[in-house]
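Structure below; questions to follow.
Read-outs: derived from the displayed coordinates by stated rules, not from any lab. Everything numeric here is computed off the predicted structure, so don't read it as measured data. Counting neighbours? That spans all protein chains shown, and the Cβs are built from the backbone with ideal geometry, glycine included.
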Amino acid sequence: DAKTTQPTSMDCAEGRAANLPCNHSTISGNEYVYWYRQIHSQGPQYIIHGLKNNETNEMASLIITEDRKSSTLILPHATLRDTAVYYCIVSSSGTYKYIFGTGTRLKVLA
Amino acid sequence: NAGVTQTPKFQVLKTGQSMTLQCAQDMNHEYMSWYRQDPGMGLRLIHYSVGAGITDQGEVPNGYNVSRSTTEDFPLRLLSAAPSQTSVYFCASSYSKGQASEKLFFGSGTQLSVL
């Protein structure tokens, strides 16, 4: 299973873009990159996912490098409500072991 | 749709007691899984199921049993509770029709304390 590496914590000013990096250098060709976030002790919430191409939805954008070894989640205009732990995971093709890791604790500052 | 429902929300056990954490989903999802989250830590996969009658182990399966007799339900059993099993437990589900490209839906969690 591909593993991911994320910074432990990051700060971002309110209204600015938050760029959260993730390394997944051992990802295989048919594995997707997913992003989730967890606010306080709630259940994690899906944000976005992608395979090769960049993706955008109402919550965020996902930029995947051409070699697929890393990706960046972009929250274009961070608000205080975006303060959360953000998890980058890669799907394990055919075995469904979604391994979460410890994530990045993002704090949005007023 | 209620989504993924976990019961109970809180539970206190004594060491050695057994109990079952319930998880039900009404979205006709094939894939269901259980995670535990210790204080200040990420989520660790305990067991998962890709359909009725099919279960498999995750990262930390010891001390837990699961079964999947219906598509809707995926209970997690603690056979003999230990203090090390004090944690918050999350259940998750997804469609996952043979392709690992479906998002997970999570329940609100069960906070378990073992004394």
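Over all residues in B:78-88, what is the mean tally of Cβ atoms on other chains that come within 10 Å of each residue's Cβ?
Going residue by residue through B:78-88 and averaging, the value is 0.
Can I ask one more? Just counting partner chain Cβ atoms within 10 Å, what average do the residues of peptide A:31-38 show around their Cβ?
Across A:31-38, the average partner-chain Cβ count within 10 Å equals 3.
Moving on. Mind checking B:34-42 for the average number of partner chain beta-carbons within 10 Å of each residue's beta-carbon?
For this peptide, the per-residue mean of nearby foreign Cβ atoms is 3.
I'd like the antiparallel share, as a percent to the nearest 5, of DSSP beta bridges with both residues in chain A.
85 percent
Of A:Lys69/B:Lys103; A:Lys69/A:Lys97; B:Lys9/B:Lys103; A:Lys97/B:Lys14; A:Lys3/A:Lys52, which pairs sit farther than 25 Å apart, going by alpha carbon to alpha carbon?
Violating the 25 Å limit, Cα to Cα: A:Lys97/B:Lys14.
Relative contact order for chain B: what is it in percent, counting Cα pairs under 8 Å that are at least 6 residues apart?
It rounds to 35 percent for chain B.
List the Cys residues of the protein assembly as shown that have no partner Cys with a C-beta closer than 4.7 Å.
For the protein assembly as shown, the answer is A:Cys12, because their Cβ atoms have no other cysteine Cβ under 4.7 Å.
Could I ask something else about it? When the convex hull of the Cα atoms of the protein assembly as shown is projected onto a plane and the area is averaged over all directions, what value comes out in nm²?
Projected over every direction and averaged, the Cα hull of the protein assembly as shown covers 12.0 nm².
Size of the dipole of the protein assembly as shown about the Cα centre, Lys and Arg at +1 and Asp and Glu at -1 on the beta carbon, nothing else charged, in debye to 20?
That gives the protein assembly as shown a dipole magnitude of about 420 debye.
If you don't mind, another one. Once R0 is set to 30 Å, what does the formula 1/(1 + (r/R0)^6) return for the Cβ-Cβ distance between A:Asn54 and B:Asp38, expressed as a FRET efficiency to the nearest 0.05?
Approximately 0.30, to the nearest 0.05.
Okay, moving on. Return the Rg/Rh value of the range A:6-110, two decimal places, where both radii are evaluated on C-alpha atoms and Rh is the Kirkwood radius.
Value, to two decimals: 0.95.
Using +1 on the beta carbon of Lys and Arg, -1 on that of Asp and Glu, and nothing else charged, what's the dipole of the range A:9-110 about the Cα centre, debye to 20?
So the dipole magnitude of the range A:9-110 works out to roughly 200 debye.
Counting pairs of alpha carbon atoms under 8 Å apart in space and at least six apart in sequence, what relative contact order in percent does the range A:1-102 give?
34 percent
For the range A:46-107, what does the relative contact order come out to in percent, with C-alpha contacts under 8 Å and a separation of six or more?
21 percent
What's the ranking of A:68-77, B:3-12 by average number of surrounding C-beta atoms within 10 Å, highest first?
A:68-77, B:3-12
Calculate how many DSSP beta bridges within the protein assembly as shown are antiparallel, expressed in % of all such bridges and rounded to the nearest 5.
Antiparallel: roughly 85 percent of the beta bridges in the protein assembly as shown.
So if the hydrodynamic radius of chain B is defined as the Kirkwood radius over C-alpha pairs, what does Stokes-Einstein give as its diffusion coefficient at 20 °C and 1.002 mPa s, in µm² per second?
153 µm²/s
State to the nearest 20 debye the size of the charge dipole of the range B:22-92 about its Cα centre, where the only charges are +1 on K and R beta carbons and -1 on D and E beta carbons.
Here the range B:22-92 has a charge dipole of around 220 debye.
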